[in-house]
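The values are calculated or read from the model by the stated rules, or taken from the named source; none is laboratory data. On a predicted model such as this, the values are computed, not experimentally measured, just so you know. Reconstructed Cβ throughout: ideal geometry from the backbone, glycine too, with neighbour counts over all protein chains shown. Side chains are part of the model used for accessible areas, which takes the heavy atoms of the whole protein and leaves out ligands, DNA and RNA. Shrake-Rupley method; radii C 1.70, N 1.55, O 1.52, S 1.80 Å.
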Amino acid sequence: MPDPHHRRLRRPHRPALVTPLAPDPAADLRFIRDTMERSASFTAIPGWGQVILGATALAAAGFAQQKLAAHQTASWLKIWLAEAILAAVIAFLSMRWKANRRGLPLFTGPGRKVALGLFPPLVAGALLTYLLDRAGLDSALTPAWLLLYGAGIITGGAYSVSIVPVMGLCFMATGALAVVAPAAWANYFLAAGFGGLHIVFGLIIARRHGG
């Protein structure tokens, strides 16, 4: 007669083994290739934003020239400082628009590197503007602005497409000419640099690198 207290031993339940999905080399290669193509063709400096920025700089140069004709140097400086603030807003909004349209992050990757490269020369330019104006050396402002801005474009553009450092070199060349040119030509150099160079290179960037 079987013992009622006897219990049948149960074998432990073993979960079914899940076979891992085999990696798809072709899919991985496509992902890597697409990522590299998108990052390589993306420049954090937006072409159409540069065109707009150049147009506002030409307008500022026109207003500033009128103030110079009236011997209002302080008003000339205020116009260009206002243009600098407007340019910063235009650059940020256009960078954000371009990054969102391409589905790329703005503050990581190329965008972050360009910003880090451009930021120190801009800060130095702001401080030098204050010092030179206080010392009455307004004639030195134009070459200082162009040289420092060009240096920032070169250092930041080193992480972007090749046309960007070329633009920086052109700004520095314009600033170098402004150093040896008569002081009366300062406003024309600003128009040629911040106006003309932005428009020319902006069109090139927009055409070749997606806006």
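Quick grid of which residues meet (1) among the hydrophobic types (A, V, I, L, M, F, W, C); (2) over 15 Å from Ala173 (Cα atoms); (3) at pLDDT 95 or above:
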| position | (1), (2), (3) |
| --- | --- |
| Pro121 | no, yes, no |
| Gly125 | no, yes, no |
| Asp133 | no, yes, no |
| Leu137 | yes, yes, no |
| Trp145 | yes, no, yes |
| Ile153 | yes, no, no |
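Applying the set (1) over 24 Å from Ala82 (Cα atoms); (2) open to solvent by 10 Å² or more (accessible area, probe 1.4 Å); (3) in contact (Cβ under 8 Å) with a residue 12 or more places away in the chain to Ile205 leaves exactly one unmet item: (2).
Of all residues in region 152-164, those being assigned to a helix (DSSP H, G or I) and open to solvent by less than 30 Å² (accessible area, probe 1.4 Å) number 6. For region 44-61, which positions are assigned to a helix (DSSP H, G or I) and over 16 Å from Thr142 (Cβ atoms)? Within region 44-61, Gly47, Trp48, Gly49, Gln50, Val51, Ile52, Leu53, Gly54, Ala55, Thr56, Ala59 qualify.
Does region 189-198 contain at least one residue that is in contact with a helix residue (DSSP H, G or I) (Cβ under 6 Å, 6 or more places away or on another chain) and outside any helix (DSSP H, G or I)? The answer is no; no qualifying residue exists.
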